[in-house]
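Notes to accompany the following structure.
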Amino acid sequence: MKKFEIREIYVETKDGKDPFGVFQTLTNQDTELIASFDTLEEARKNFGEHIATVRKQNYRCYSHDCYVIEENDYDEDGEWEAGGDWWEMECKEWEDEEEEENE
């Protein structure tokens, strides 16, 4: 059975920019299942409820909470068979104005 899942991915970057630019890292990361839907349309309707964030952890890195809609196929026992394709991605980059607001 096909499912469209909203998943959260935690990513760290050195400059706070382009967390999806480290695509190889993202595809090997564990993701947290937030919600599961039977259709892509249902997943897209609910995708906007999840707000991507970025935080400055220290002078060396920024942490990003990113969200994706991932398509997966499961067997009748609920075991994963295939998938991992992303339909939507949402991640925020660090803006210099945010640093000024937080001071």
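Taken together, the values in this text are just the output of simple stated rules run on the coordinates, not laboratory data. These numbers come from a predicted model, not from an experiment. Note: ideal-geometry Cβ built from the backbone for every residue, glycine included; neighbour counts use all protein chains shown.
Things worth noting here:
- Peptides 50-60, 82-92, 65-75 ordered by packing proxy, namely the average of other Cβ atoms within 10 Å per residue, highest first: 65-75, 82-92, 50-60.
- The lysines whose alpha-carbon is closer than 23 Å to the alpha-carbon of LYS3, local same-chain residues fewer than 8 away aside, are LYS45.
- Computed extension gain for LEU33 through GLU71, at 0.36 nm per residue and net of the alpha carbon distance, reaches 12.5 nm.
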